[in-house]
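What follows is a short report on a single structure.
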Amino acid sequence: MSLRLEQIQNFKGRYPFQIWGLFFSEMWERFCFYGMRGMLVFFMIHQLDFTEQQANLQYAATQAFVYAFTFVGGLFADKILGFRKSLFWGGLLMIVGSIFLALDPHKFFFFGLAFIIIGTGFFKPNISTMIGDLYKEGDQRRDAGFSLFYAGINLGAFLGGYICVAIGKGYMFSSLIEEAYRWNVAFGLAAVGMVISLINFSFTQRKLGPIGLHPGHPQAIIKVKPFPKWAEYLVYGLTLLFVPLIQIMVSKTQYTDYFMWSIGPLTLVYLFYEISKLSSSERKKLWAALIFIVFSIFFWGIYEQSGGSLSIFAAKNLNDSLVGMRVDPNGVNNSAGAFFIILLAPLLGLLWLWLGKRKREPNTVIKFGLGFIFLGLGYYALFATRFFSQNGISSLNIFTLALLVITFGELCLSPIGLSIMTKLSPAKLQGIMMGIWFLAASYGQYLAGLIGEDMAKVKETSRPVESLLVYTEGYKTLGLYALIAGAVLIIISPLIRKLMQEVR
Ligand code: GLN
């Protein structure tokens, strides 16, 4: 007998048990995604002979497209496929893309990536939305659930981000895998991760009751007229038609600019059309959601220096000693954030629950504000690395401390952002709003690329002392912007809370 929604939402204890199934599916999907992402720049430079600049641009383009497609994935999920079918379809596309890359990564590079980009769009927003459905409106435990889910995201990111590129470069299992096949295995591993994710989800969905069923299903949460079956097949067909188009757009970065300048405004126009059909109270909540979304663009724009300027900084201006151990500073830059999140997310989740019980939990606006304040402090700590340097080479310890502070910021904003999207959106717009949340991340990636490019004014040949000064000066400015954004959010919080009404 399938569970009813009330049975699921009236769970006892801290977390609904279904969260673990979704946790593992998302963990493996992120393993696949971050595994692929971690290999991109290295593979382009060392295997495809791209210049560093070109590789960076191409990297930013793929990241922007990935998150932009979550909007499309969310839209089709809400209207036609439902969250479950979207997730399977997205997962399947990611598997196909990874298999192409595994077969011949040199030949199928952009073709395989195009599948992964579209697949992620169908998968990523919809699994997050299903987490929200496990909770009743007003349930205090929701933010803690998203914090736990976020730990799963980062466990996958940490493992995939490290293992795949390490196999490709020959740092792992080199005696087992012949050199000529290392990259094939590395990309193939992403496909294996995704297969595990989907098998796991096929078990999880049996315990999800009506959650994620397609619109028009007799047991679906929102009652609407069913779409004819051909509409579903049309979505699948259109998706496949888009693959070569995305392939072209990602391989020529000037198209990214055109795309970014059109997708945002078009999305807003569509959203305003949807908003016009809502009641005034629902409308106010969506305005509040939009304010969070706009702020998050700036957050990601600063935060996502990690893939770009911070990796150049790590390579050029940091020593390789972390609390006495000898480690690769770039490895630290890539994985320390995910590591801290796995460590801190459950603790912060428990802190929110503990404060919630005492009616002292800060509301979402304040958490968002805190997110920016921590981000700002973290960037000031990056600035401070200049005071711990010798001949332009600074302390990896201080750098890692900065990443820890930034991670606190991420935890106050990113999981909370997912959670608030599910609280502020009416049931029939949940997928789209989650998609728009990630679309903001896409603009953040794009903005981060522009900021990084501006900071990279120092020529590659300049001495470490000079580049240390230029980069840390840039980080100070970004730190200041983050602090200002945090202060603005806290100051306007009464206004946003008015729009949010009973939502906390
Ligand atoms: N790191 C998180 C993830 O992979 C957040 C990404 C984002 O929203 N920019 O899900």
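A few points about this structure:
- Taking GluC sites (Glu not before Pro) as exposed when their DSSP state is a loop state and no more than 16 other Cβ atoms lie within 10 Å, the longest site-free interval of the chain runs over 179-459.
- Listed residues G431, L213, I416: farthest to the positive end of the dipole of the chain (Cβ charges): L213
- For L322, nonlocal amide neighbours, meaning residues 5 or more places apart or on other chains whose placed amide H falls under 5 Å from its own, are V327.
- Length-normalised contact order for the range 358-504 - Cα pairs under 8 Å, 6+ apart - percent: 43 percent
- Centroid-to-centroid separation of the range 266-287 and the range 404-431 [C-alpha atoms, Å]: 19 Å
- Value in Å of the Kirkwood radius, where the range 373-504 supplies the Cα pairs that are averaged: 17.0 Å
- Relative contact order [Cα under 8 Å, 6+ residues apart], the range 11-500, whole percent: 24 percent
- Averaged over residues, the count of other Cβ atoms within 10 Å places the peptides 330-341, 256-267, 357-368 in the sequence 330-341, 357-368, 256-267, highest first.
- Surrounding net charge for Q63, when Lys and Arg each add one and Asp and Glu each subtract one, Cβ distance under 15 Å: 0
- Gyration tensor (Cα) of the range 465-504, equivalent ellipsoid semi-axes in angstrom: 36, 8, 4
- Here the residues Y150, Y443, ranked from fewest to most Cβ neighbours within 10 Å of their Cβ, fall in the order Y443, Y150.
- Checked against a 26 Å cut-off, the cross-linked pairs K85/K225; K423/K498; K252/K428 give Cα-Cα distances beyond that limit for K252/K428.
- Cβ-based net charge around K136, under 12 Å, with every Lys or Arg adding one and every Asp or Glu removing one: -1
- Whole-Å distance, taken between Cα centres, linking the range 157-203 and the range 27-62: 15 Å
- Projecting the Cα atoms of I167, L310, Q7 onto the charge dipole of the chain, computed from C-beta unit charges around the Cα centre, puts Q7 farthest toward the positive end.
- Overall form of the range 241-350 per C-alpha gyration tensor (a/c, 1.5; a/b vs b/c): oblate
- Local charge for E274 was computed over the other residues whose Cβ lies under 12 Å away, with Lys and Arg +1 and Asp and Glu -1, and equals +2.
- Under a 5 Å amide H cut-off, with hydrogens placed 1.01 Å from N, S394 pairs with L318, N319 among residues at least 5 apart or on other chains.
- On the principal axes of its alpha-carbon atoms, the chain has extents of 67, 52, 42 Å, going from largest to smallest.
Read-outs: derived from the displayed coordinates by stated rules, not from any lab. Small disclaimer: the values here were computed from a predicted structure and weren't measured. All Cβ positions, even for glycine, are placed from backbone atoms using ideal geometry, and neighbour counts span all protein chains on display.
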